[in-house]
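K.L.:
The following block contains the structure, expressed as structure tokens.
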Amino acid sequence: MFFSNSQAHAMSQTTSNEMWGGRFASGPDAIMEEINASIDFDKRLYEEDIAGSKAHATMLADTGVITAEDRDSIIAGLDTIRGEIAAGNFTFSRQREDIHMNIEARLAELIGPAAGRLHTARSRNDQVALDFRLHVKSALQRFEAGLQDFIAALLDKAEDHADTVMPGFTHLQVAQPVTYGHHCLAYAEMAARDLSRCRDAIERMDECPLGTAALAGTGFPIDRHQTAKALGFREPTRNSLDTVSDRDFALDFLSFAAICATHLSRLAEEIVIWSTPQFGFVKLSDAFSTGSSIMPQKKNPDAAELVRAKPGRINGALISLLTVMKGLPLTYSKDMQEDKQQVFDAIDSLQLALAASTGMIRDLVVNREAMRAAAGHGFSTATDLADWLVREAGLPFRESHHVTGRAVAMAEDRGIGLADLPLDDLKALNPAVTEGVYSVLTVEASVASRTSYGGTAPDNVRAAIAVWRDKLELNR
């Protein structure tokens, strides 16, 4: 929003600023208010702000800093405010800048002078660090549960299709036959790494900032271990300077979110491609598709396309916060007010992407026949022929590779598959070829033979599903 000089002057504040007290004789003008206020977005932190204040007030009373009567008034007032905000009856003021001062001002209206004692032994610096950390930690705990649901959906689909043969691709070209169950498990592996990163981030941020005050700690006899425990943290932070200037927890979240969104985007891209008539491998449910405003025959994979786009926002959020933090001296600087909007947006974007991906996987209808037919295209069992020549005819792999290449060229010239080449023609390429070679040239035989650890054989797929269900306690 832009203001002319005359507008700025007309909108300037002439009353003493409530937060800064006597140091400033007049309040900020309209431009300063516009750039300085964060209440438009940090009101999202009201639950965390009230929880932190209640824990702080309880600790102050327990350590004798404030009276039990003041504590009770403060907590009752905060509960009233929480109810007002939840009901949509709270008036947020941009002149009070942020969620902390909006709540404190309303608390003063409700309970009088006792409200002023709440801010003893803390600062907005440790207060916002607490609120933001609690919010990010809570989001990660939701993603932990969401990823488990997503993995469970992948495992269910893999179990249903442990024997379903499909083409495996490199360079988006048919490479070797695999099973669709094995393909689903590839995404389960990605999601499991995302889950590990999510849990690691929670573990690292499980320290409570409250009580470090502006930057140096406080001289009041507070008990930071009490507030840490009350707010669900493992322990309090250990260095006050680092605490108020740390946003690693937000960067940890955004790093996790960027990688997770990238994995979901890869899956979404395959759903988009596979649902086309040209592939016809899968069919999306109506719940995750839309129609066209002009072409009545269209069924567009819009949910998958939007999931595919989400990394653009989330990656941007990560780079944005890295850039904000890269040159800041210790400790707190106002730059750090620019830390929340992109994190909030990334939380919302990833929640949608993960929920949509889980739903799409559960609803996805797989066309086994189309997958099976495509699995045999492009001479996908050529490697099986080369392996057979090594195993049964004793050829060095490089020689078997050359013989197989000649067989592929022969089949391509004739417009047939490898399994359709006459035995005499294969013998002409190498006399060691026998009738037994045909046992490895079907796609079913190919996938069944891939029994090495981590391979695509159906029995491997079933064993891997059992391992994951046990690891994630997803046994049905």
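The values are calculated or read from the model by the stated rules, or taken from the named source; none is laboratory data. Because the structure is a prediction, the values reported are computed rather than measured. Cβ placement follows ideal geometry from the backbone for every residue including glycine, while neighbour counts extend to all protein chains displayed. Please note that ligands, DNA and RNA were not included when accessible areas were found on the heavy atoms of the full protein model with its side chains. Shrake-Rupley method; radii C 1.70, N 1.55, O 1.52, S 1.80 Å.
K.L.:
Exactly one condition in (1) part of a helix (DSSP H, G or I); (2) open to solvent by 10 Å² or more (accessible area, probe 1.4 Å); (3) under 30 Å from residue 241 (Cα atoms) is false for residue 136; which is it?
P.N.:
Result: residue 136 fails condition (2) only.
K.L.:
Which members of region 65-86 meet the condition of being open to solvent by 60 Å² or more (accessible area, probe 1.4 Å) and outside any helix (DSSP H, G or I)? Steps first, answer last, please.
P.N.:
Filtering region 65-86 for residues open to solvent by 60 Å² or more (accessible area, probe 1.4 Å) gives 67, 69, 72, 79-80, 82, 86.
Matches in region 65-86: 67 only.
K.L.:
When only residues in region 204-234 that are within 26 Å of the chain's Cα centre (by Cα) and of a type outside the set (Lys, Arg) count, which is nearest to residue 337 (Cα to Cα)?
P.N.:
The initial filter retains those residues of region 204-234 that are within 26 Å of the chain's Cα centre (by Cα), namely 204-209, 231-234.
Next, from what is left, pick out any that are of a type outside the set (Lys, Arg): 205-209, 231-233.
Numbers: 205: 19, 206: 22, 207: 21, 208: 19, 209: 17, 231: 23, 232: 25, 233: 23 Å.
Among them, the one singled out is 209.
K.L.:
If you don't mind, another one. When region 338-361 is examined, which residues are found to be among the hydrophobic types (A, V, I, L, M, F, W, C) and within 13 Å of residue 261 (Cα to Cα)? Give the steps one after another, and end with the answer.
P.N.:
Within region 338-361, the subset among the hydrophobic types (A, V, I, L, M, F, W, C) is 343-344, 346-347, 350, 352-356, 360-361.
Result: 346, 347, 350, 352, 353, 354, 355, 356.
K.L.:
Would you confirm whether or not region 116-127 contains a residue that is open to solvent by 60 Å² or more (accessible area, probe 1.4 Å), more than 20 Å from residue 236 (Cα to Cα) and not aromatic (Phe, Trp, Tyr)?
P.N.:
Yes, some residue in region 116-127 is open to solvent by 60 Å² or more (accessible area, probe 1.4 Å), more than 20 Å from residue 236 (Cα to Cα) and not aromatic (Phe, Trp, Tyr).
K.L.:
Check region 379-390 and report whether any residue there is of a type outside the set (Ser, Thr, Tyr), within 21 Å of residue 154 (Cα to Cα) and in contact (Cβ under 8 Å) with a residue 60 or more places away in the chain.
P.N.:
Pass one, region 379-390, residues of a type outside the set (Ser, Thr, Tyr): 379, 382, 384-390.
Keeping just the survivors that are within 21 Å of residue 154 (Cα to Cα) gives none.
No, region 379-390 contains no residue that is of a type outside the set (Ser, Thr, Tyr), within 21 Å of residue 154 (Cα to Cα) and in contact (Cβ under 8 Å) with a residue 60 or more places away in the chain.
K.L.:
While we're here: Which one of these is at pLDDT 95 or above and in contact with a His (Cβ under 6 Å, 6 or more places away or on another chain): 48, 104? Walk me through how you get there before you give the answer.
P.N.:
Numbers: 104 fails: in contact with a His (Cβ under 6 Å, 6 or more places away or on another chain).
That would be 48, the only listed residue that is at pLDDT 95 or above and in contact with a His (Cβ under 6 Å, 6 or more places away or on another chain).
K.L.:
From the residues in region 326-378 that are acidic (Asp, Glu) and without any contact (Cβ under 8 Å) to a residue 12 or more places away in the chain, which one is farthest from residue 242 (Cα to Cα)? Quick ask: steps written out before the conclusion?
P.N.:
Just the residues of region 326-378 that are acidic (Asp, Glu), to begin with: 335, 338-339, 345, 348, 363, 369.
Checking the rest, the ones that are also without any contact (Cβ under 8 Å) to a residue 12 or more places away in the chain come to 335, 348, 369.
Working: 335: 16, 348: 28, 369: 59 Å.
Selected residue: 369.
K.L.:
For region 412-457, name all the residues that are open to solvent by 50 Å² or more (accessible area, probe 1.4 Å), hydroxyl-bearing (Ser, Thr, Tyr) and assigned to a helix (DSSP H, G or I).
P.N.:
Passing the criteria: 438, 439, 449.
K.L.:
Then there is this: Among 409, 463, which is modelled with pLDDT of 90 or more, closer than 22 Å to residue 169 by Cα and either part of a helix (DSSP H, G or I) or open to solvent by less than 30 Å² (accessible area, probe 1.4 Å) (or both)? Before the answer, list the steps.
P.N.:
Details: 463 fails: closer than 22 Å to residue 169 by Cα.
Being modelled with pLDDT of 90 or more, closer than 22 Å to residue 169 by Cα and either part of a helix (DSSP H, G or I) or open to solvent by less than 30 Å² (accessible area, probe 1.4 Å) (or both) holds for just one of 409, 463, which is 409.
K.L.:
In region 236-262, how many are charged (D, E, K, R) and open to solvent by less than 60 Å² (accessible area, probe 1.4 Å)? Talk me through it step by step, then tell me what you get.
P.N.:
If we filter region 236-262 for residues that are charged (D, E, K, R), which is where we start, we get 238, 242, 246-248, 252.
With the extra rule that they be open to solvent by less than 60 Å² (accessible area, probe 1.4 Å), the set shrinks to 246-247, 252.
Looking only at that region, the number is 3.
K.L.:
I need a count of the residues in region 305-328 that are farther than 15 Å from residue 350 by Cβ and of a type in the set (Val, Ile, Thr).
P.N.:
3
Residues checked against (1) touching a Phe, Trp or Tyr at 6+ places or on another chain (Cβ under 6 Å); (2) open to solvent by less than 20 Å² (accessible area, probe 1.4 Å); (3) in a helix (DSSP H, G or I):
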position: 344; (1), (2), (3): no, yes, yes
position: 350; (1), (2), (3): no, yes, yes
position: 369; (1), (2), (3): no, no, yes
position: 390; (1), (2), (3): yes, no, yes
position: 401; (1), (2), (3): no, no, yes
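K.L.:
Out of curiosity, is residue 45 outside the structural domain of residue 343 (by the TED database), touching a residue at least 60 places away in the same chain (Cβ under 8 Å) and surrounded by 15 or more Cβ atoms within 10 Å (Cβ to Cβ)? Spell out how you get there, then give the answer.
P.N.:
On the way: outside the structural domain of residue 343 (by the TED database): yes; touching a residue at least 60 places away in the same chain (Cβ under 8 Å): yes; surrounded by 15 or more Cβ atoms within 10 Å (Cβ to Cβ): yes.
So residue 45 fits the description; yes.
K.L.:
For residue 147, only one of the following conditions fails: (1) buried (at least 17 other Cβ atoms within 10 Å of the Cβ); (2) farther than 23 Å from residue 248 by Cα. What is its number?
P.N.:
Single failed check for residue 147: (2).
K.L.:
Right, something else. So residue 177 fits all but one of (1) surrounded by 24 or more Cβ atoms within 10 Å (Cβ to Cβ); (2) on the phi > 0 side of the Ramachandran plot; (3) at pLDDT below 95; what number is the exception?
P.N.:
Looking at each condition in turn, residue 177 falls short on (2).
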